[in-house]
Amino acid sequence: MPLYHSLGSIPPKRHTQFRKPDGSLYAEELVSTEGFSSLYSLVYHAYPPTIVKTLGEPYSVEPKIAREKHLKHTSLIGFNIQPEDDYLQSRKPVLVNSDLHISLAAPRQSMTDYFYKNSQADEVVFIHEGSGTLKTGFGNIKFQYGDYLVIPRGTIYQMEFDGTANRLFIVESFSPIRPPKRYRNQYGQLMEHSPYCERDIKLPANLKTYDEHGDFKILIKKQGLIYPYIYATHPFDFIGWDGFHYPWALSIHDFEPITGRLHQPPPVHQTFEGNNFVICSFVPRKFDYHPLSIPAPYNHSNVDSDEVLYYVDGDFMSRKSVVKGQITLHPGGIPHGPHPGSVEKSIGKESTDELAVMIDPFRPLMLTEDAIKIEDENYYKSWQY
Ligand SMILES: [Fe+2]
């Protein structure tokens with residue numbers, strides 16, 4: 001996050017002696033991104049973060065592609081993904097390309113006997129149902145319905161859920177996730193026209209140092225494989241840290257919609273960006289107020305981008321029979337638009353309570369085997385009168 005933050009104890013000068021009460025040194029670690037050219041943090045550990053005891057056999061979690069090329073409006077019934085106890089096993093990639101993987105998950109249990117680190121991607125975990133705590137060495141972030149957890153690559157974490165009914169919509173991004181550049185001034189500050197500002201950002205808090213030796217299993221994801229590592233010291237042994245690289249969160253409910261007299265284009269909903277894709281939030285808002293306005297969206301030919309909508313809540317005015325957790329994929333190359341009747345129906349309406357997450361990738365998405373299992377095969381015919 002382009003916002004300086006610090007928790008715990010740090011020495012007044014970087015790269016200088018910082019000692020424990022017994023006189024020995026704490027272990028400094030620079031966590032840097034894009035080489036040394038982008039956001040970074042300096043972390044002070046009780047012990048070096050390098051003490052590996054053993055390595056397990058790596059195993060593949062690469063998405064299995066079922067439909068590499070296609071040109072069909074597609075819908076997936078996301079809540080048909082079956083709940084599973086384990087967090088990592090519950091994550092089912094459904095739509096993937098070389099810039100991002102989109103997964104659905106319904107984990108029942110908290111992570112207690114291992115930690116997880118995604119070393120190949122930033123993760124955005126959208127909390128559709130459930131609540132809990134994201135636990136990291138940087139501190140903890142409490143989460144609830146509507147939160148986007150942004151977990152930068154390399155962050156070791158655990159998900160602690162308050163209950164067993166959890167529904168997550170997850171984006172793994174192979175480039176850094178960031179607030180759109182046009183929302184930020186030359187110093188990185190979110191500007192007045194941004195739909196959210198720094199006050200809306202949830203920062204890690206309550207740093208607790210785990211000064212522990214033992215066998216600590218960290219499952220590390222890299223290049224589609226999970227590498228089981230056993231470390232000799234607890235990964236959350238941070239004494240303190242400072243910098244710009246750390247997990248953070250933003251609630252979709254804190255995204256302030258931009259409205260106008262006429263239908264506003266999708267970029268007003270933009271929330272985050274990665275390389276070759278954007279993430280947008282459709283939130284409850286007043287409709288367009290020109291006397292002849294048509295609140296429903298126009299037909300749209302997205303010539304060179306796919307469009308993914310994930311329906312969260314509310315009544316989606318441009319669609320008929322949409323259910324919570326449903327995904328629609330409107331591939332670039334063919335037009336899509338409001339369902340029959342929804343344009344006339346929208347006229348005169350003053351507001352909408354729709355809540356959805358949209359992802360527009362600029363490279364075509366492939367469907368996985370897990371996606372095919374939850375597909376509504378007749379969706380492409382749903383515009384027939
Ligand atoms: Fe569109």
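Points worth noting:
- For I334, the requirement of being in contact with a Leu (Cβ under 7 Å, 6 or more places away or on another chain) and either within 29 Å of D147 (Cα to Cα) or not β-branched (V, I, T) (or both) is not met.
- Scanning the range 159-181 for residues that are charged (D, E, K, R) and within 12 Å of the chain's Cα centre (by Cα) yields E172, R178.
Let's see how each residue does on (1) of a type outside the set (D, E); (2) modelled with pLDDT of 95 or more; (3) under 20 Å from the mean Cα position of the chain (by Cα):
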residue: T33; (1), (2), (3): yes, no, yes
residue: I51; (1), (2), (3): yes, yes, no
residue: P58; (1), (2), (3): yes, yes, no
residue: R67; (1), (2), (3): yes, yes, no
residue: H70; (1), (2), (3): yes, yes, no
residue: T74; (1), (2), (3): yes, yes, no
residue: K92; (1), (2), (3): yes, yes, yes
residue: Q109; (1), (2), (3): yes, yes, yes
residue: Y114; (1), (2), (3): yes, yes, no
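- Screening the range 142-158 for residues that are among the aliphatic types (A, V, I, L, M) and within 14 Å of the chain's Cα centre (by Cα) and picking the one that is nearest to Y44 (Cα to Cα) gives I151.
- Filtered by the rule that a residue be among the charged types (D, E, K, R) and surrounded by 16 or more Cβ atoms within 10 Å (Cβ to Cβ), the range 163-198 gives R167, E172, R178.
- Residue list for the range 221-242, restricted to those being hydrophobic (A, V, I, L, M, F, W, C) and within 26 Å of L25 (Cβ to Cβ): I230, A232, F236, F238, I239, W241
- Any hit, the range 352-367, residues being touching a Lys or Arg at 6+ places or on another chain (Cβ under 6 Å), buried (at least 19 other Cβ atoms within 10 Å of the Cβ) and modelled with pLDDT of 95 or more: yes
- Within the range 308-332, residues that are assigned by the TED database to the domain that holds R285 and closer than 21 Å to F362 by Cα sit with their Cβ atoms under 6 Å from residues that are among the acidic types (D, E) and not in a strand (DSSP E or B), at 6+ positions apart or across chains, in these pairs: P331/D306; G332/D304; G332/D306.
- Selected residue (only one of E34, E68 is out of contact with any helix residue (DSSP H, G or I) (no Cβ under 7 Å at 6 or more places or on another chain), of a type in the set (D, E), surrounded by fewer than 18 Cβ atoms within 10 Å (Cβ to Cβ) and not assigned by the TED database to the domain that holds P176): E68
- Residue pairs meeting the criteria (Cβ under 6 Å; at least 6 apart or on separate chains; first assigned by the TED database to the domain that holds K349 and of a type in the set (S, T, N, Q), in the range 291-304; second within 12 Å of the ligand (Cβ to nearest atom) and assigned to a loop (DSSP other than H, G, I, E, B)): N299/P335; N299/G337; S301/P335; N302/G332
- Residue-level check: of (1) free of Cβ contacts under 8 Å to residues at least 24 places away in the same chain; (2) of a type outside the set (D, E); (3) under 20 Å from F236 (Cβ atoms), N185 misses just (3).
The values are calculated or read from the model by the stated rules, or taken from the named source; none is laboratory data. What you are looking at is a predicted structure, and each value in this text was computed from that prediction instead of being measured. Positions of Cβ are backbone-derived with ideal geometry, glycine not excepted, and every protein chain shown enters the neighbour counts.
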